[in-house]
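Okay, structure first, notes after.
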Amino acid sequence: MLFFKRQWPIIIAFVMGIVMWARFYIPTEQSQTLQDEFMRWARILFGFAAMLGILSLLHHHWNKIKLKRPGFGFSVVTLVAFVIMALTGLLPVSWTWLGFADNLRSSNGPHMYLFEHMFVPMQATMFSVLAFFIASAAFRAFRARSIEATALLIAGCVIMIGRVPVGDWLASVTTVEMGSWGARSLINFPYVTDWLLNIPNAAAQRGIILGVILSQIAISVRIIFGIERTYMGGGD
Amino acid sequence: MTIGEIIGVWLAAGLTLMMFSFIYRDNAFFKLGEHLYLGISVGYFVNIQYHQVLVPDVIRAIRVEHDFWVIIPSLLGIFILLRLVPSVAWLSRMSFAFYIGGFAGVAIPNVIHGYFLPQLAETLRPFNAGLGNNLNQIVILLAVFTVLIFFFFSLEHKRIVGGISRIGLFFIMISFGASFGYTVMARISLLIGRFQFLLDDWIRQTILRL
């Protein structure tokens, strides 16, 4: 039994890894079908993994209610909201008596009504509230205490000004005729923003991406050859 | 506006104010909104998974297309759910091994051909595009090299290596500054959107009926 618990998953990971790796170098129709089918199976597995996460979340809130822990009322709200949102999209019942369309997921259906009037505003507001906290964090982070912090401060400010109308306005009011060079703007934030984004920012991102790719290759090789086993979890 | 739309606007406005109350401090209204959001988003996600994965890839595949191969991933999926049952939780390892092993195999050639080589090719371009572009190319080469050195921990970051990695950090900070600037702008844009909703859709169109 221990073989099935500990060795069998490593064998599965090895076989799957080698097959999917080798498949790339065999450009045939069957090889493409194999990749497509794997992606479909992976999608199904992801669905079940997501379901595990949801069950775990519901279990947590259910326990909180059952044990009447502090704030259990909020857990009731979560469960009720979940049930209503899930059922309005899953149950094939008519909602026309409430003025909704019969098609559950149409724009006039109850599910999309809740999505548009509850989910969307709450999500947008939650992220917009971060603007206030980013402003206070920026105040603390943007104090130029070192050359690196100064670089962050300048890049952030230049890009913010360069991407709003005031940047264009500044560029236009500071434009002067410079002989054979033609009309040039003295304070051209949009131009500097483009340069910052396309040259130093893109290059730094490229350096980070190259590092990430090398790490991804290394970790993939470790998984295939059974060196990396954290996906197996703890226990026997 | 229909009655349904008016109720919807009031609902959205109430929830927006509830979420905004967090600016003052963490309070019961925000907590209520937070938990409501959690429940609704999970309910929405369940629907997405059901309608876009379970129905086309499993139910329709078996019932209509008679493709019984999908029973295998479905069984592996059930193994994942068994993680909640401690005595047979180990069965989920088979599913994770299948998923992670397969994706590890897919990832290696894909990232090499799709990302690594194109990124290298873009970095190592010849210096034949005019003075301005050549100077930019030098900055790119310098930045990529120094950033890679910054993330190279097999050598201690002292003396020359320390100096080079410091230059890399400088470029990383410029990049983070750019990301920060964009994030702030995106959040401000969302904030403006919420205020527009409150002032126009809610106050002007629903309360004042203008």
Next item on the list: Could you tell me which numbered condition residue B:160 fails, if it satisfies all but one of (1) facing another protein chain (nearest Cβ under 7 Å); (2) open to solvent by 80 Å² or more (accessible area, probe 1.4 Å)?
Entry: (1)
Notebook entry, point to check: Across the range A:124-168, which residue is surrounded by the most Cβ atoms within 10 Å (Cβ to Cβ) among those that are within 18 Å of residue B:196 (Cβ to Cβ) and more than 7 Å from every other protein chain (Cβ to nearest Cβ)?
Noted result: A:164
Next item on the list: Residues being without any contact (Cβ under 8 Å) to a residue 12 or more places away in the chain and either touching a Pro at 6+ places or on another chain (Cβ under 6 Å) or open to solvent by 60 Å² or more (accessible area, probe 1.4 Å) (or both): count how many of those fall in the range A:16-25.
Entry: 2
Check: Of the residues that make up the range B:69-77, is at least one surrounded by fewer than 18 Cβ atoms within 10 Å (Cβ to Cβ) and either touching an Asp or Glu at 6+ places or on another chain (Cβ under 9 Å) or more than 26 Å from residue A:12 (Cβ to Cβ) (or both)?
Finding: yes
Notebook entry, point to check: Among the residues of the range A:26-58, how many are more than 7 Å from chain B (Cβ to nearest Cβ), open to solvent by 30 Å² or more (accessible area, probe 1.4 Å) and not charged (D, E, K, R)?
Noted result: 12
Next item on the list: Look at residue A:222 and say whether it is touching a helix residue (DSSP H, G or I) at 6+ places or on another chain (Cβ under 9 Å), among the charged types (D, E, K, R) and free of Cβ contacts under 8 Å to residues at least 40 places away in the same chain.
Entry: yes
Item checked: Residue list for the range A:67-100, restricted to those being open to solvent by less than 30 Å² (accessible area, probe 1.4 Å) and modelled with pLDDT under 90 -> A:88, A:89
Next item on the list: With the condition kept exactly as written, say whether any residue in the range B:164-182 is over 20 Å from residue A:154 (Cβ atoms) and either small (Gly, Ala, Ser) or buried (at least 17 other Cβ atoms within 10 Å of the Cβ) (or both).
Entry: yes
Checklist line | Flag if residue B:176 is touching a residue at least 60 places away in the same chain (Cβ under 8 Å) and not assigned by TED's automatic domain parsing to the domain that holds residue B:8 | finding: no
Notebook entry, point to check: Can you spot a residue in the range A:116-123 that is closer than 22 Å to residue B:183 by Cα, more than 7 Å from every other protein chain (Cβ to nearest Cβ) and aromatic (Phe, Trp, Tyr)?
Noted result: no
Next item on the list: All but one of (1) of a type in the set (Gly, Ala, Ser); (2) closer than 30 Å to residue A:1 by Cα; (3) out of contact with any Pro (no Cβ under 7 Å at 6 or more places or on another chain) hold for residue B:107, so report the exception by its number.
Entry: (2)
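The values are calculated or read from the model by the stated rules, or taken from the named source; none is laboratory data. These numbers come from a predicted model, not from an experiment. Ideal geometry is used to build each Cβ from the backbone, glycine not excepted, and the neighbour counts take in all protein chains shown. Ligands, DNA and RNA are excluded from the accessible area calculation, which covers all protein heavy atoms including side chains. Shrake-Rupley method; radii C 1.70, N 1.55, O 1.52, S 1.80 Å.
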